[in-house]
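So the structure is just underneath, and the comments pick up after that.
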Amino acid sequence: MTRSSQQRLRDELVASLALMAAVAAVPLAVTNDYWLGVLIVSMYFVFLAGGWNLLAGYAGQFSLAPATFAMLGAYGTGLLAYHWQVPAWASIPAGILAAALIGMTLGRIVMRLRGPYLALTTLSFAEIMRIVIGNSYDFTRGDLGLSVPALTNNRLVWYYVFVATVVLMQLALYALLRSRAGLYLMAIRDDEIGAASRGINTAFWKTAAFTLSTALAGLAGVLYAHFSSLVSPELGLILQTGLVICMVFIGGIASLVGPVFGAFLVYLASEALREAGGVQLIVFALLVILIARFFREGLWGLARRLLERPAP
């Protein structure tokens, strides 16, 4: 990694931590439980966007199943607690591990595919999982929803749990991207054939990126499950994945701060436009089209270019 790339990555980390510091200060001015809940759900999407950005932005692999793995993580911890009364300290890591193991198994199959075949395979898997969970009433309670024990009913405590966990995720991603593994992933993204010719095991590293991405989605799912105390197959809707992709592209793909900024921007805007029905999906789709056409690096890339522009 060149010195300029290291500096850019460091700047992105600092910007994302500054944004999270601002988010951490919000409860000093906003005490309404509803809006605190909206920000908590925004941070749930930060995990999904960060994991998907690792896979698509840094490894160049396009998956349509991030929301599905959040659903699997949520049901992993929820089913253990509901059927076998497993305590949260054991069910939470078990839910994350379940999502990661399923992701690794699927990754070993799909990471040998490319382009539309990879996207279609993950989309098929996502719909199969959602339908299976939705129709397994005796075990998952299907569309009725599965009750999950809450760790605490104090929304402020949950708020700072999410803030702290997002910060830890950002630091972990920064360390990963600065390591040799991060260089391998970016080499595969830029030129997979060239990376393979240099001796990089492309199938292994793509599977590793897919597994880490699904583990982050599983982490989002288990936290959301214990926060909301209810999970349902709606967590795995393709519309949820569409929101995640919009967040990454609007904020700025292949950057540490883009998915964080995009998740807050898109979810808060979605909440503000809720009264207008499905208009928000049209707005976000148009934004993605405009950004893909004129600002490939998203709003973060646009902001960086404006800041780096020399003064007249």
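Quick rundown of the values:
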| quantity | calculated |
| --- | --- |
| Qualifying positions in the stretch 149-165 - in contact (Cβ under 8 Å) with a residue 40 or more places away in the chain and either open to solvent by 60 Å² or more (accessible area, probe 1.4 Å) or more than 30 Å from A24 (Cα to Cα) (or both) | P149, L151, R155, L156, Y160 |
| Single match in A209, A203 (criterion: open to solvent by 20 Å² or more (accessible area, probe 1.4 Å) and over 20 Å from I133 (Cβ atoms)) | A203 |
| Filtered residue count, the stretch 27-41, keeping only those that are within 24 Å of the chain's Cα centre (by Cα) and free of Cβ contacts under 8 Å to residues at least 24 places away in the same chain | 2 |
| Among the residues listed as V38, V30, the single one being β-branched (V, I, T) and at pLDDT 95 or above | V38 |
| Among the residues listed as W52, W84, the single one being crowded, with 23+ Cβ neighbours inside 10 Å and either in contact (Cβ under 8 Å) with a residue 40 or more places away in the chain or of a type outside the set (S, T, Y) (or both) | W52 |
| F62 vs. criteria closer than 20 Å to P116 by Cα and within 19 Å of the chain's Cα centre (by Cα) | yes |
| Test result for R198, over 13 Å from the mean Cα position of the chain (by Cα), under 28 Å from F294 (Cβ atoms) and of a type in the set (K, R) | no |
| Test: residue in the stretch 59-78 that is closer than 14 Å to F210 by Cα, open to solvent by 50 Å² or more (accessible area, probe 1.4 Å) and either charged (D, E, K, R) or in contact (Cβ under 8 Å) with a residue 24 or more places away in the chain (or both) | yes |
| Test: residue in the stretch 205-218 that is of a type outside the set (D, E, K, R), more than 14 Å from the chain's Cα centre (by Cα), farther than 24 Å from G76 by Cβ and modelled with pLDDT of 95 or more | yes |
| Hits in the stretch 129-176 (condition: small (G, A, S) and in contact with an Asp or Glu (Cβ under 9 Å, 6 or more places away or on another chain)) | G134, G145 |
| Among (1) over 15 Å from A217 (Cα atoms); (2) open to solvent by 10 Å² or more (accessible area, probe 1.4 Å), the one test that S91 misses | (2) |
| Count of residues meeting criterion [of a type in the set (S, T, Y), open to solvent by less than 90 Å² (accessible area, probe 1.4 Å) and either over 16 Å from L237 (Cβ atoms) or in contact (Cβ under 8 Å) with a residue 12 or more places away in the chain (or both)] in the stretch 99-148 | 6 |
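Yes/no matrix, rows are residues, columns are (1) within 22 Å of L268 (Cβ to Cβ); (2) among the aliphatic types (A, V, I, L, M):
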{"residue": "S4", "(1), (2)": "no, no"}
{"residue": "R10", "(1), (2)": "no, no"}
{"residue": "M20", "(1), (2)": "yes, yes"}
{"residue": "A25", "(1), (2)": "yes, yes"}
{"residue": "D33", "(1), (2)": "yes, no"}
{"residue": "I40", "(1), (2)": "yes, yes"}
{"residue": "L48", "(1), (2)": "yes, yes"}
{"residue": "L55", "(1), (2)": "no, yes"}
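The values are calculated or read from the model by the stated rules, or taken from the named source; none is laboratory data. Being a predicted model, the structure only gives us computed values, none of them experimental. Neighbour counts are summed over all protein chains in view; Cβ atoms, including those assigned to glycine, are modelled from backbone coordinates with ideal geometry. Accessible surface is based on the protein model in full, side chains and every heavy atom, while ligands, DNA and RNA are left aside. Shrake-Rupley method; radii C 1.70, N 1.55, O 1.52, S 1.80 Å.
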